[in-house]
Amino acid sequence: MTTFEDILEEAGAFGRSQMRIVSIFCLVSIPFSFVYVGIVFQGFTPEHWCRDPAVSGIRERCGWSLQDARRATVPLMNSSTGVTYNQCQRLDMDWNATGLTCDNPESELIQAQLSTLPMTGCTDGWEYDYEGRQSFVTEFDLVCADAWYVDMFQAMLSVGFLVGSIAIGYLADKYGRMKSFLMTNFFIGVAGILVATSPNYIALLVFRVLFGFGVKGGWMVGYVLITELVGVEYRRTVGVTYQMFFSLGILILPLLAYFIPNWRWLQVVFTIPYICFLTYYWFIPESPRWLLSQNKRKEALEITKAIAKENKKTLSKNTETLTDENTDSISTASFMDLFKTSKLRKFTFILSFNWFTSAVVYQGLIMRLGILGGNVYVDFLISGIVELPAAFLILLTIERIGRRLPFAAANIVAGAACLITAFIPDSMFWLKSAVACVGRLGITMAFEMVVFVNTELYPTVIRNLGVSVCSTLCDIGGIIAPFLLYRLAVIWLELPLIIFGTKTEHKLCCKIYVNV
């Protein structure tokens, strides 16, 4: 009996045809990174304090800057990051009756006196020190008591990821990779534009869920498709390359955000690539492996012959008995198939746990850049550059020493770096930044490895579903990550790092039991 792997070896396991398809599909990873961590720019929370109509009138009349008015009228307070200006309360007083004049911006009051005066809430809104830029935080005033709404924005994306990856994974295994991919991208295009035109915060959350529903599912379908079009020995390379383009997107994102300061237009830019991906209908074939798993041998053979022709190869083996070596009596993927044997149960539980911890730490470290107070564009760019070597380190190590050791080492490095960074004083800025970058490299490497290991451990008929189901724990981690980061950072800025480090080290307890 001739297997598909035998035929593919003749057609070209990784020839010109597969190179073209992989190159085109790698572009799908770039906008996925925009969506995944775009909250750093779309939901950026700038310095803010209560708006006082009287102070605003004096400031406009005197030509003061926002900073001048804040120094003169906003009291200081103690916070987890030190002494800062009060962001959620203002002085309950009539500034027109004080000694505050255009020639005396500091007035006759000093900070010690300001701190003893009666306070009231921000009943007239907030002032934002974010000139020329607009995030949905500043548009909808999601600060102070409503700050957790920002966490919900990111959590709702992960809710969409969670539902979408399962649903689209099932559709991809039942109806085909390309049909699901194209349908998903049409859906993403519509939902993305709806996000950009949301009239209020509630609508924003609803459309954000719909947007997330399609984005990750489409990305996972693309990943599975390209690994099924190449020979087994090339799956790791194309899988890691596919993820490397995600890191490339991380580098492009701060540049886009810098030149597009409005969060709504930034959302439009995030969406346009998905509309362009609909053109893949004319360039990308269906997966022959999936067709064989559905007993569509004739269609699989036609696509394989087309691949051979583009690769300038000819098929000589008997194709009458062509079959997929992983095809069994199951023709339709079922959730219970992931737990059918003891080995599959072990893979499913352990991979799911690894997806969860990788997502929490990776997403948490990136979003943390938005609350450190430095130049978020430069910090984001530098941290993105650090990610790029991860793919090369994986390719250099997995063929020589296997998966288990690099997988475990990446997590040890990431966890230790998080714990060490938390206790390095801010005065040692460069050392703190360097150690944090090492942690970012480690968790990126671990995250990329769990993705391609996941595809290797399941047979064709349940591969897409297996990856989708296991990665739902990644989405649960994504729901938890923003609350874990932003709420704990209010208590102590470095507390999330300690949690991240602890989670990463615990992951090793499960990792050693998987034969990767």
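Under 19 Å from the 7 Å Cα→Cβ point of Val206, by amide nitrogen: which residues of the range 178-192?
187-192
Just from its helices, what would the mean residue ellipticity at 222 nm be for the chain, if runs of 4 or more DSSP H residues each count -39500 (n - 2.57) and the sum is divided by every residue, rounded to the nearest 500 deg cm²/dmol?
Mean residue ellipticity at 222 nm (helix-derived): -22000 deg cm²/dmol.
Please report Rg (one decimal) and Dmax (integer) in Å for the Cα set of the range 239-285.
In order Rg, Dmax, the Cα atoms of the range 239-285 give 13.3, 39 Å.
Got a sec? Charge dipole of the chain, +1 on Cβ for Lys and Arg, -1 for Asp and Glu; which of Cys437, Leu91, Val221 is way out at the positive end?
Going by the charge dipole, the pick is Val221.
Suppose every Lys and Arg Cβ carries +1 and every Asp and Glu Cβ carries -1, with no other charges. What dipole size does the chain come out with about its Cα centre, to the nearest 20 debye?
So the dipole magnitude of the chain works out to roughly 1920 debye.
Roughly what % of DSSP beta bridges within the chain run antiparallel, to the nearest 5?
Given both bridge residues lie in the chain, the antiparallel proportion sits at roughly 85 percent.
For the chain, what does the accessible surface come to per residue with a 1.4 Å probe? Please give it in Å².
41 Å²
Quick one, can you get me the convex hull of the C-alpha atoms of the range 329-515 expressed as volume per residue in Å³?
In the range 329-515, the Cα hull volume divided by residue count equals 118 Å³.
At 1.4 Å probe size, with the rest of the protein present, what percent of the exposed accessible area of the chain is carbon and sulfur atoms?
65 percent
Place +1 on the Cβ of every Lys and Arg and -1 on the Cβ of every Asp and Glu in the chain, take the dipole about the Cα centre, and give the residue among Gly249, Val195, Phe25 whose Cα lies farthest towards its positive end.
Phe25
Output the peptides 361-367, 153-159 sorted from most to least packed, where packing is the average of other Cβ atoms within 10 Å over each peptide's residues.
Final packing ranking: 361-367, 153-159.
Please report Rg over Rh for the range 138-265, where both radii come from the alpha carbon positions and Rh follows the Kirkwood definition.
1.04
Please tell me the relative contact order of the chain in percent, rounded to the nearest whole number, where contacts are Cα pairs under 8 Å and at least six residues apart.
Relative contact order of the chain: 23 percent.
May I ask you to work out the translational diffusion coefficient for the chain at 4 °C, viscosity 1.567 mPa s, via Stokes-Einstein with Rh from the Kirkwood sum over Cα pairs, reported in whole µm²/s?
52 µm²/s
Tell me the label-point distance for the pair Val232, Cys276, using the 7 Å Cα-to-Cβ offset, in nm and rounded to one decimal.
So the two model labels end up 3.7 nm from each other.
For Leu91, what is the net charge nearby, where nearby means another residue's Cβ is under 13 Å from its Cβ and Lys, Arg count +1, Asp, Glu -1?
Counting the neighbours of Leu91, the net charge comes to -1.
Take peptides 430-443, 62-75 and line them up by average Cβ neighbours within 10 Å, highest first, as a rough protection proxy.
Answer by packing, highest mean first, reads 430-443, 62-75.
Rank by packing, highest mean first: peptides 169-175, 293-299, 446-452, 211-217, with packing defined as the count of other Cβ atoms within 10 Å averaged across residues.
Ranking, from highest mean packing down: 211-217, 446-452, 169-175, 293-299.
What order do Tyr242, Tyr377, Tyr281, Tyr234 take when sorted by accessible area (1.4 Å probe), most exposed first?
Tyr281, Tyr234, Tyr377, Tyr242
Lys/Arg Cβ at +1, Asp/Glu Cβ at -1, dipole of the chain taken about the Cα centre: which of Tyr274, Cys102, Ile401 is farthest positive-ward?
It is Ile401, whose Cα lies furthest towards the positive end.
Between the alpha-carbon centers of the range 212-261 and the range 363-416, tell me the distance in whole angstrom.
Here the answer is 16 Å between Cα centres.
What does the charge count near Ile188 come to, summing +1 for each Lys or Arg and -1 for each Asp or Glu among other residues with Cβ under 14 Å from its Cβ?
+2
Under a straight-distance cross-link criterion of Cα-Cα below 15 Å, which aspartates and glutamates are reachable from Lys340, leaving out those fewer than 8 residues away in the same chain?
Partners within reach: Asp328.
Once label points are set 7 Å from the Cα along Cα→Cβ at both Tyr175 and Lys296, what is their separation, rounded to one decimal in nm?
Rounded to a tenth, the inter-label distance reads 1.2 nm.
The values are calculated or read from the model by the stated rules, or taken from the named source; none is laboratory data. Owing to the predicted nature of the structure, the values given are computational and were not obtained by experimental measurement. We place every Cβ from the backbone using ideal geometry, glycine too, and count neighbours over all the protein chains shown. Keep in mind that these areas ignore ligands, DNA and RNA; they rest on the heavy atoms of the full protein, side chains included. Shrake-Rupley method; radii C 1.70, N 1.55, O 1.52, S 1.80 Å.
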